[in-house]
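The values are calculated or read from the model by the stated rules, or taken from the named source; none is laboratory data. Quick caveat, the model's predicted, so the values are computed rather than measured. Ideal geometry is used to build each Cβ from the backbone, glycine not excepted, and the neighbour counts take in all protein chains shown.
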Amino acid sequence: MEIPAFAPAFPTPPPARSLFPVLKSRRGGPGAALSRSKPPPWRFLWKAQRPRFCHGGLLCQLKSGVRRGRDQMGRGTSARAALLLLLAILTSEAFEIEDIAPGHKVAAQIGQMLVLRCRTTGCISPNFSWRTHLDSPLGGIMSTQGPNSFLTVESVGFENEYTYFCNAHCGEEKREKRVQINIYSFPSDPVIEVSSPLVLGKPASITCRVPKVFPSEQLVLSLKKGDEVLPIGQCCDESHSSSVQTKTVNVNFTPTKEDIGKEITCLAELPIEDMEFEPKERKTTHVLNVNFGPLDTRITAFPATTLSEGEALTLSCVTESHPPTKIVWKKQLADGTVQFIEESYNLHIPHTQFSSSGIYICEATNNVTKEVENRTVSITIQGPPVHPELSIFPGTSVREGEHVTLQCSVKSSPPADILIMKKSATEDAVLESQDGFVHIPRVAPTDAGDYKCQVKNEFGEAQMTRALHVEYGPRNTTIVVTPSNIVKEGDTVIMICSTDGSPTPKVSWKKRLPNGGSQLVSGDGTLTLEKVQAEDMGHYECEGSNHAGKDNKAVELVVEVFSPTTPALTNAPEIFTEVEDFTTETTAYNTPHQEADRHGQMENETSATPEDTAFTTYTTMKYDTVTHVVTSSDNDENGTEEIEIIIARMEEPNYVTPIIIAIAALATAAGPVAAILIYVSRKAKINGSYSLVNSLKAKV
């Protein structure tokens, strides 16, 4: 609680007792001292006596002094009484009231406590009273302490702006003093408000506000930026107001680099004439917190941007910014995407590899200004080529005739020389390539094999090998029959089928059935027939197949059969024509059967026909191939044989010319010749001696 300077401290109350010097002898009281002939040595003793208060002025004091002198004269000498009387006269004062405040004016701040003191002199216990010049309520509390009277106003307001009078009465005397109370309000320093946040180069505003001012029309405001006074125009309303006001001034400006760290000062003055109070001037200072950046972002690479594989690398990103920026490191990948690495000012790679090469990005972000700045650096790691890659398109397994591309790529710094070669047992063949590519327009089985990608630079070399598989259907199928395709009954036959293809063909054996169908007899390339029988004889087909195609090869197996009665085909016409009837004749013997070849020819001629022989007559057609079944029987056992007759060519015999010649030759002997012919014809019909085998023997 502030007490104005014009209100002194409470006065010290008068002492409860007055001290008067009293003469006292060594042996007793004053009477004893006066009774001696020789005055004894005297000494002064102070004795407290209850004072007698005088309510009058100087006359009262004189009377009191005479009374005290008379009392003393009764105890001592007249000199002592005179001395006391003189002291009373010298120390007495006239009854007066001191000024309540210098100049009879008091400046009181609204809302603060005010204490007015009224002090009298020349009267120990006067009577006091307070009033205003309009006899309005005092608005305070009065208290009295001896010659002092106090009027205390707990909170000064507009109702206290009056002239106050203090009246003091001492006996019949009256005194009065006045004081004028002038009120004001200037309670606090100005408040500076800055549009937040301040960003470099962007418009901003500064506001200075002074609250609870009275009289506000006399307030003077100014703004300074450093030593520069900012133009603000008229800040306050000059019209009088009967209440406290909050006054504001606003300045618009654009922060620059020079404004960073400068002070903004708001100065408020309340120069009221004829009023003494402190302070009449208040000010507030604010440091401009200008946000900026990131600016001038840069990357440094230590020891360099080009390093050897295995060296350590440190990347540092620095920038100018307030507040400090957030630094994020990223790396641009080969496919164009960006990979996050870490958030730090320094990026450290202890052991660089080829994969460490690339473009690194420093991203600086100011979270206040929302500005982002990126900087990049290209890092190159040198060393021998590593991890060469040989790629085959459309794949390592292709079909014959497809387009094939071989590509050799490698990570290398400096760039490596690339060679693509086809490996062989003797010497690798270097293929013609361009930028690591080799094209084969139509791939062939001969293009299958191992291909090598060889890369080399000044630091070393590396290579990679990859196989190309060319798929093609089976081909070059062959059959090997051991011992032969013509065997005797009871022998063992091994038929081996081999074929070429990729992937390796699956080989199977089938036997043709009489009805034209086929029967699977083996699931691999080797067919073994042990102790062959007549029913094993026939047409065998080998088939090789894979998903690229198939290939077939056939062989005829002939089995020579030994039986007690071997049918034989005899008496076949030597020349037969299309749509000509002929008759085959068989003869059964107890000798080994002689097999007819594929053209119906016999190796050995047979003898006359025995009994119990069956005859079959056939009509031939051009290009017919007929299998004839000959059945023979006797008392012991029966025998059956299939004979295949192929009519490869049809000839029309010329009978006209021979007949004419024969008729001419025999004309002279027609009778004998006719008889002979009749005889021969009858004989032939009776004996059945016509033989197809004999007719074909001449051609064999």
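Tabulated values for the structure
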item: Qualifying residue in the range 288-300 (condition: among the β-branched types (Val, Ile, Thr), at pLDDT below 95 and part of a loop (DSSP other than H, G, I, E, B)); result: no
item: Of residues in the range 438-451 being not hydroxyl-bearing (Ser, Thr, Tyr) and not in a loop (DSSP other than H, G, I, E, B), the one farthest from the chain's Cα centre (by Cα); result: PRO445
item: Number of the condition not met by GLY293 [criteria: (1) more than 22 Å from GLY383 (Cα to Cα); (2) under 24 Å from the mean Cα position of the chain (by Cα)]; result: (2)
item: Which numbered condition PRO324 misses (of (1) free of Cβ contacts under 8 Å to residues at least 12 places away in the same chain; (2) in a strand (DSSP E or B); (3) under 29 Å from LEU200 (Cα atoms)); result: (2)
item: Given (1) touching a helix residue (DSSP H, G or I) at 6+ places or on another chain (Cβ under 9 Å); (2) farther than 30 Å from PRO385 by Cα, number of the condition LYS370 does not satisfy; result: (1)
item: Residue within the range 439-455 that is in the same structural domain as PRO394 (by TED's automatic domain parsing), of a type outside the set (Asp, Glu) and closer than 21 Å to THR306 by Cβ present; result: yes
item: Strands (runs of 3 or more DSSP E) within the range 91-172 that include 2 or more residues buried (at least 16 other Cβ atoms within 10 Å of the Cβ), among the basic types (Lys, Arg) and not assigned by TED's automatic domain parsing to the domain that holds SER243; result: 114-121
item: Count of residues meeting criterion [modelled with pLDDT under 90 and part of a loop (DSSP other than H, G, I, E, B)] in the range 385-413; result: 0
item: Conditions (1) touching a residue at least 40 places away in the same chain (Cβ under 8 Å); (2) not assigned by TED's automatic domain parsing to the domain that holds CYS408; number of the one not met by GLY517; result: (1)
item: Of all residues making up the range 339-353, the number that are more than 16 Å from CYS317 (Cα to Cα) and either part of a strand (DSSP E or B) or in contact with a His (Cβ under 8 Å, 6 or more places away or on another chain) (or both); result: 1
item: Of all residues making up the range 480-510, the number that are in contact (Cβ under 8 Å) with a residue 24 or more places away in the chain and closer than 13 Å to VAL559 by Cβ; result: 10
item: Members of the range 335-369 found to be farther than 25 Å from PRO294 by Cα and free of Cβ contacts under 8 Å to residues at least 24 places away in the same chain, listed by number; result: ASP335, GLY336
item: Odd one out for ILE192, checked against (1) touching a Leu at 6+ places or on another chain (Cβ under 7 Å); (2) among the aliphatic types (A, V, I, L, M); (3) within 30 Å of PRO294 (Cβ to Cβ); result: (1)
item: Given (1) surrounded by 13 or more Cβ atoms within 10 Å (Cβ to Cβ); (2) in contact (Cβ under 8 Å) with a residue 24 or more places away in the chain, number of the condition PRO414 does not satisfy; result: (1)
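For every residue, the table says whether it meets (1) loosely packed, with under 15 Cβ neighbours inside 10 Å; (2) at pLDDT 95 or above; (3) assigned by TED's automatic domain parsing to the domain that holds PRO388.
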position: LEU307; (1), (2), (3): no, no, no
position: ALA312; (1), (2), (3): yes, yes, no
position: LEU333; (1), (2), (3): yes, no, no
position: THR365; (1), (2), (3): no, yes, no
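Residues are listed down the side, and each one gets a yes or a no for (1) over 36 Å from the mean Cα position of the chain (by Cα); (2) under 30 Å from PRO294 (Cα atoms):
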{"site": "ILE379", "(1), (2)": "no, yes"}
{"site": "PRO384", "(1), (2)": "no, no"}
{"site": "VAL398", "(1), (2)": "yes, no"}
{"site": "HIS403", "(1), (2)": "yes, no"}
{"site": "GLY436", "(1), (2)": "no, no"}
